[in-house]
Amino acid sequence: MLARTLRLVAFATAILVCSGPDVSGATQQAQQRRAGRDVRQDTRQDSRHTKHDCRAANQQSNAHCRQDKRQTKQQGRQTARDIKY
């Protein structure tokens, strides 16, 4: 009787373990989100440098420097989307 109960408990435990959520998928998704966030943060810094360098060189109007900054940020967002999805 005890052996049968132990087998039943072991079988039930095995079913619960096998039917649990897929943790590796969640971990991979978290890593992708983190990588995307890191890219966006780096992009923000790069876009600031782009605008600062543009204004320091005084080669273009402020509006054009803003466009360069926006374009840099948009490219970074697209890179983050490519990582995430």
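The values are calculated or read from the model by the stated rules, or taken from the named source; none is laboratory data. Just so it is clear, the model here is predicted, and its values are computed rather than measured. Please note: Cβ atoms are built from the backbone with ideal geometry, for glycine as well, and neighbour counts cover all protein chains shown.
Please work out which residue is modelled with the highest pLDDT, limiting yourself to the range 42-57 and to residues that are acidic (Asp, Glu) and exposed (fewer than 14 other Cβ atoms within 10 Å of the Cβ). Quick ask: steps written out before the conclusion?
Step one: filter the range 42-57 for residues acidic (Asp, Glu), giving 42, 46, 53.
Still in the running and exposed (fewer than 14 other Cβ atoms within 10 Å of the Cβ): 42, 53.
Numbers: Asp42: 90, Asp53: 87.
This residue is Asp42.
For the range 52-85, a residue qualifies if it is within 12 Å of Arg40 (Cα to Cα) and either touching a Phe, Trp or Tyr at 6+ places or on another chain (Cβ under 9 Å) or of a type in the set (A, V, I, L, M) (or both), and the qualifying residues are Ala80, Ile83.
Residues in the range 39-85 that are closer than 30 Å to Ala26 by Cβ and of a type in the set (Gly, Ala, Ser): Gly76, Ala80. Taking the criterion of being at pLDDT 85 or above and among the aliphatic types (A, V, I, L, M), the residues of the range 2-41 that qualify are Ala30, Ala35, Val39.
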